[in-house]
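The next block holds one structure in the form of structure tokens; read it before the comments.
Every number here is computed from the coordinates shown, using simple stated rules; none is lab data. Just so it is clear, the model here is predicted, and its values are computed rather than measured. Neighbour counts run over all protein chains shown; Cβ positions are idealised from the backbone, glycine included.
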Amino acid sequence: MSVNLPAYNKVMAELAPHKASLVAVSKVKPASDIQALYDAGQRIFGENYVQELQEKHPILPADIEWHFIGHLQSNKVKYIAPFVSMIHAVDSLRLLEEIDKQAAKHHRIIRCLLQVHIAEEETKFGLDESELREVLTQWKAQADKFQHIRIAGFMGMATNTENMEQVRAEFRRLKALQTQLKATFAPGDEQLTELSIGMSGDYTIALEEGSTMVRIGSMLFGARS
Ligand SMILES: *Cc1c(COP(=O)(O)O)cnc(C)c1O
């Protein structure tokens, strides 16, 4: 077993005062590692690859809440729609439409996060502020069409850098944007409230800057080869 239970207990203790939740990122790790962390009490697991998630889902406990956190192609939504509970990296209206359509087929509601581009790297996926406003405007205008999704909030990945002040500034900008967009597009309901920020190397900063959901892999399961 290669699950770091002391690290798990430490993270859970750090999350508690922030009332934030843990997505245990289990990509490329065996089902036995997921089972070990499940046995320690963890229920939310995050995966990045559709095929891998399809393989793991049926052989692990049914009450696991699966979050898809990777880049998702529209043509693959159908494979995870029957069981996935949250999709973190939605980056287009078209993908949102496809998730809604597939969720409807299974009489489900799938919670989604819009991925926001906050890092300075060009390669990271995500929407910029004007694209976000456009997607949210369309979603509001066609509310009757989107009965099978909820936009729970936003997800972001900071620049991969040692400069923690830069990371903090990027998280802070996303928090400010979330506050604004919530007030504009979803005042008084439960949507646009979640902020999925923070990974093994930067989750303590993310919590200080308003994270409601951290996505932690290597700290719990060891480095990925
Ligand atoms: C792999 C991954 C994580 C976890 O990263 P660690 O540094 O191992 O904690 C979090 N979020 C996303 C989107 C990932 O792909």
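Excluding S225 itself, calculate the net charge of residues whose Cβ lies under 15 Å from the Cβ of S225, where each Lys or Arg counts +1 and each Asp or Glu counts -1.
On the way: positive: K27, K29, R224; negative: D33, E52.
Around S225, the charge tally is +1.
Can you tell me the length gained on complete extension of the stretch K78 to S130, counting 0.36 nm per residue apart and subtracting the Cα distance? Could the numbers behind the result be given before it?
Working: separation 52, 0.36 × 52 = 18.72 nm, distance 2.86 nm.
Length gained, K78 through S130: 15.9 nm.
Out of P58, G70, M86, whose Cα points farthest toward the positive end of the dipole of the chain (charges: +1 Lys, Arg; -1 Asp, Glu; placed on Cβ)?
P58
Would you calculate a helix-derived [θ] at 222 nm for the chain, using -39,500 (n - 2.57) for each DSSP H run of n ≥ 4 and dividing by the full residue count, to the nearest 500?
-11500 deg cm²/dmol
When the Cα atoms of the stretch 41-161 are enclosed in a convex hull and the volume is divided per residue, what value in Å³ results? If you can, show how the numbers build up before the last one.
Numbers: hull volume 13.8 nm³, N = 121.
Measuring per residue, one finds 114 Å³ for the Cα hull of the stretch 41-161.
Could you calculate the contour length gain from E122 to S218, that is, 0.36 nm times the residue separation minus the distance between their Cα atoms, to one decimal place in nm?
Working: separation 96, 0.36 × 96 = 34.56 nm, distance 2.40 nm.
Here the segment from E122 to S218 would lengthen by 32.2 nm.
Taking θ = phi - 60°, what integer Hz values does the Karplus form 6.51 cos²θ - 1.76 cosθ + 1.60 yield along the stretch 99-114, in sequence order, with x for Gly and Pro?
4, 4, 4, 6, 5, 4, 4, 9, 6, 10, 10, 10, 7, 10, 10, 8
Treating the beta-carbon of each Lys and Arg as +1 and of each Asp and Glu as -1, no other charges, what is the dipole magnitude of the stretch 5-221 about its Cα centre, to the nearest 20 debye? Write down the numbers at each step before the final one.
Numbers: 24 positive and 29 negative charges, 122 e Å.
My answer is approximately 580 debye.
Which is the longest stretch in the chain that no exposed loop site breaks, taking sites as trypsin sites (Lys or Arg not before Pro) with a DSSP loop state and at most 11 other Cβ atoms within 10 Å?
On the way: sites that count: K19, R224.
No qualifying site falls inside 20-223, the longest such stretch.
Taking the Cβ of S211 as the center, what net charge do the other residues with Cβ under 13 Å away carry, scoring Lys and Arg +1 and Asp and Glu -1? Intermediate results must be reported in sequence, preceding the final value.
Numbers: positive: K19, R168, R172, K175, R215; negative: E14, E170, E194, D202, E208, E209.
Computed value for this residue: -1.
Compare the Cα positions of A158, Y38, P187 along the charge dipole of the chain (+1 at Cβ of Lys, Arg; -1 at Cβ of Asp, Glu; about the Cα centre) and return the one farthest towards the positive end.
Going by the charge dipole, the pick is Y38.
Once the piece of chain linking E208 and A176 is laid out straight, how much longer is it, given 0.36 nm per residue of separation minus the C-alpha distance between them? Don't skip to the end; give the middle numbers.
Values: separation 32, 0.36 × 32 = 11.52 nm, distance 1.34 nm.
Result: 10.2 nm gained on full extension.
Expressed as cubic angstrom per residue, what is the convex hull volume of the alpha carbon set of the stretch 5-221? Walk me through the numbers on the way to the answer.
Values: hull volume 26.1 nm³, N = 217.
For the stretch 5-221, the hull spanned by Cα atoms encloses 120 Å³ per residue.
Please give the Cα centre distance for the stretch 138-207 versus the stretch 57-107, rounded to the nearest Å.
19 Å
What is the order of I110, I216, I44, fewest Cβ neighbours within 10 Å to most? Please report the intermediate quantities before stating the final value.
Details: I110 25, I216 21, I44 16.
Neighbour counts put them in this order, fewest first: I44, I216, I110.
Suppose R0 equals 41 Å; then what is the FRET efficiency for T159 and I59 from their Cβ-Cβ distance, rounded to the nearest 0.05?
Working: r = 36 Å, r/R0 = 0.89.
Approximately 0.65, to the nearest 0.05.
Please identify which residues in the stretch 43-86 have an amide N closer than 17 Å to a label point set 7 Å out from the Cα of E190, following the Cα→Cβ vector.
65-66, 85-86
Q142 to Q166: FRET efficiency via 1/(1 + (r/R0)^6), r the Cβ-Cβ distance, R0 41 Å, to the nearest 0.05? Can you show the working numbers first?
Values: r = 37 Å, r/R0 = 0.91.
Efficiency computed from Cβ-Cβ geometry: 0.65.
Too long at a 25 Å Cα-Cα cut-off: which of K56/K182; K101/K140; K29/K78; K145/K182; K76/K105; K76/K145?
On the way: K56/K182 35 Å; K101/K140 17 Å; K29/K78 23 Å; K145/K182 20 Å; K76/K105 15 Å; K76/K145 21 Å.
With Cα atoms farther than 25 Å apart: K56/K182.
Just to confirm a number: summing +1 for Lys and Arg and -1 for Asp and Glu over residues other than E165 whose beta-carbon lies under 14 angstrom from that of E165, what do you get?
Numbers: positive: R168, R172, R173; negative: E120, E162, E170, D202, E208, E209.
With Lys, Arg at +1 and Asp, Glu at -1, the neighbours total -3.
Quote the relative contact order of the stretch 67-150 in percent (integer), defining contacts as alpha-carbon pairs under 8 Å separated by 6+ residues. It would help to have the intermediate numbers written out before the result.
Values: 125 pairs, mean separation 25.9, N = 84.
RCO, the stretch 67-150: 31 percent.
Please find the FRET efficiency linking H107 to A7, where r is the Cβ-Cβ separation and R0 is fixed at 35 Å, and quote it to the nearest 0.05.
Working: r = 38 Å, r/R0 = 1.10.
For H107 and A7, the calculated efficiency is 0.35.
Restricting to Cα pairs below 8 Å that are 6+ residues apart, what does the relative contact order work out to for the chain? Please round to a whole percent. Can you show the working numbers first?
Numbers: 400 pairs, mean separation 48.1, N = 225.
Computed over the chain, the figure is 21 percent.
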